[in-house]
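To start, the structure itself, in structure tokens.
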Amino acid sequence: MPDGIPFNELGAQRRYLGHAIDQAIRNVLDHGMYVMGPEVAQLEQELAAFCGAKHAISCGNGTDALTLVLMAKKVKAGDAVFCPAFTFAATAEAVAGLGATPVFVDICEDSFNLDIRSLRCSITMVKESGLKPVGIVAVDLFGQPADYDDIEAVAAREGLWLICDAAQAFGASYKGRQIGTIGLATTTSFFPNKPLGCYGDGGAVFTSNAELADSILSLRVHGQGKDKFDNVQIGMNSRLDTLQAAVLLEKLKIFPVEITARRRIASRYHERLGDVVTVPYILAGATSVWAQYTLRLPRCDRELFQRYLTTAGITTAVYYPRPLHRQPAYSHFPTAPTGLSVSDRLATEVVSLPMHAYLTEEVQDRISVAVRKASSAAQR
Ligand SMILES: Cc1ncc(COP(=O)(O)O)c(C=O)c1O
């Protein structure tokens, strides 16, 4: 059997950036400001400049980033927040963790993102239910922005705020607007396997709303006021470690080149696989950072398909095998009145292929050949 092909290969980037990152970490060890050291403020400035948001506020992880925005909006029991059913648990967890009600909305089968018709009828349902609709958390799944023109129009008409959960999509754009500048706020994650990942947990909130930014700055440090012994609101402890900021500053320097590489790899997959499996679709005017390259296999036995690739030494992954409304912790929350049939179906059809900026053409070609064979072997 040829050498195994991992799903993601953080080691390749580590080898490429090795010396620069070692030096950045050494600098932090030398100055010793492990919490809120100078690298944190520098990173926040560079992240804001990168996407064009007025404020970038770093924090402990992408889940906290969502929680901080929801806390700043004073989300509480009785409030309903609309989010897709087909996403990572953190999207709904942040809402439910504050005692509010996530309302699960269906997604579009081509983009994997919020379906506007399902959103509209879910809002109508909630208005009649006694819960108070307050906001929408849209997700930019697999690196591609949701269809924000429609979502923003609905949010404006209904008086709802919009948070963009761009844990997987920092660096992407929507019709000329950079992710980080849409909605009331955008959140992201720097979990290691994200397109821009650190060496542990990390996250950030982006907003152009100064009042919201001030509140989040306070909330991430125990709700502090003029200093750390002045507590003006109930907050949390969610700061990005200086060491992670130092790592991210180095990675941010090469991020644009890595995004270009991911896009090149995605188009090569499209060319090689588009006639045998359903390859991902990108909205007109949007760009993806390809956090995942996710196929749909409507006519295949997915288990057989994955087994075939495993035997060929190729690691694949399923994001997500179970939508949130099917999870024990979330199954009691309201769902779109027209159902979540697309979320349910996609959970059985999707599979993601190895995708990272350091995937060589030779390895990618090996994967593509094996995927073609696997799809024919697993035809139903
Ligand atoms: C869509 C989405 N939202 C939120 C998160 C949470 O980010 P973190 O793991 O940094 O808390 C993730 C992480 O995978 C995610 O994919």
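The set of residues in the stretch 173-191 that are within 16 Å of the ligand (Cβ to nearest atom) and part of a loop (DSSP other than H, G, I, E, B) comprises I179, G180, I182, G183, F190, F191.
The residue that is most open to solvent (accessible area, probe 1.4 Å), among those in the stretch 329-351 that are over 17 Å from T101 (Cβ atoms) and assigned to a loop (DSSP other than H, G, I, E, B), is T338.
For (1) of a type in the set (S, T, Y); (2) open to solvent by 20 Å² or more (accessible area, probe 1.4 Å); (3) within 16 Å of the ligand (Cβ to nearest atom); (4) under 16 Å from I179 (Cα atoms), each residue gets a yes or a no:
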site	(1), (2), (3), (4)
A96	no, yes, yes, no
G99	no, yes, no, no
V103	no, no, no, no
N113	no, no, yes, yes
I116	no, yes, no, no
L131	no, yes, no, no
I151	no, no, yes, yes
L162	no, no, yes, yes
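Annotation: of all residues in the stretch 223-249 being of a type in the set (S, T, N, Q) and in a helix (DSSP H, G or I), the one that is farthest from the chain's Cα centre (by Cα) is T242. Taking G78 as the residue in question, decide whether it is outside the structural domain of Y293 (by TED's automatic domain parsing), at positive phi, open to solvent by 10 Å² or more (accessible area, probe 1.4 Å) and away from the ligand (no atom under 16 Å from the Cβ). Yes: the conditions hold for G78. When M125 is tested against (1) open to solvent by 40 Å² or more (accessible area, probe 1.4 Å); (2) within 16 Å of the ligand (Cβ to nearest atom), just one condition goes unmet, and that condition is (2).
Looking only at the stretch 194-207, residues that are within 8 Å of the ligand (Cβ to nearest atom) and over 13 Å from T242 (Cα atoms) come to 1 in all.
Among L43, L17, L47, which is within 30 Å of G313 (Cα to Cα) and surrounded by 15 or more Cβ atoms within 10 Å (Cβ to Cβ)? Only one candidate qualifies: L17. Quick check: is even one residue across the stretch 76-83 part of a helix (DSSP H, G or I) and touching a residue at least 24 places away in the same chain (Cβ under 8 Å)? No, the stretch 76-83 contains no residue that is part of a helix (DSSP H, G or I) and touching a residue at least 24 places away in the same chain (Cβ under 8 Å).
Listed by first and then second residue, the pairs linking a residue in the stretch 195-207 that is over 11 Å from A166 (Cβ atoms) to a residue that is in a loop (DSSP other than H, G, I, E, B) and small (G, A, S), with Cβ atoms under 8 Å apart and 6 or more places separating them unless they lie on different chains, are D201/G60; G202/G60; T207/A53.
The values are calculated or read from the model by the stated rules, or taken from the named source; none is laboratory data. Keep in mind the model is a prediction, meaning the values are calculated, not measured. So basically every Cβ, Gly included, is an ideal-geometry build from the backbone, and we count neighbours across all protein chains shown. Note: areas computed on protein heavy atoms with side chains; ligands, DNA, RNA excluded. Shrake-Rupley method; radii C 1.70, N 1.55, O 1.52, S 1.80 Å.
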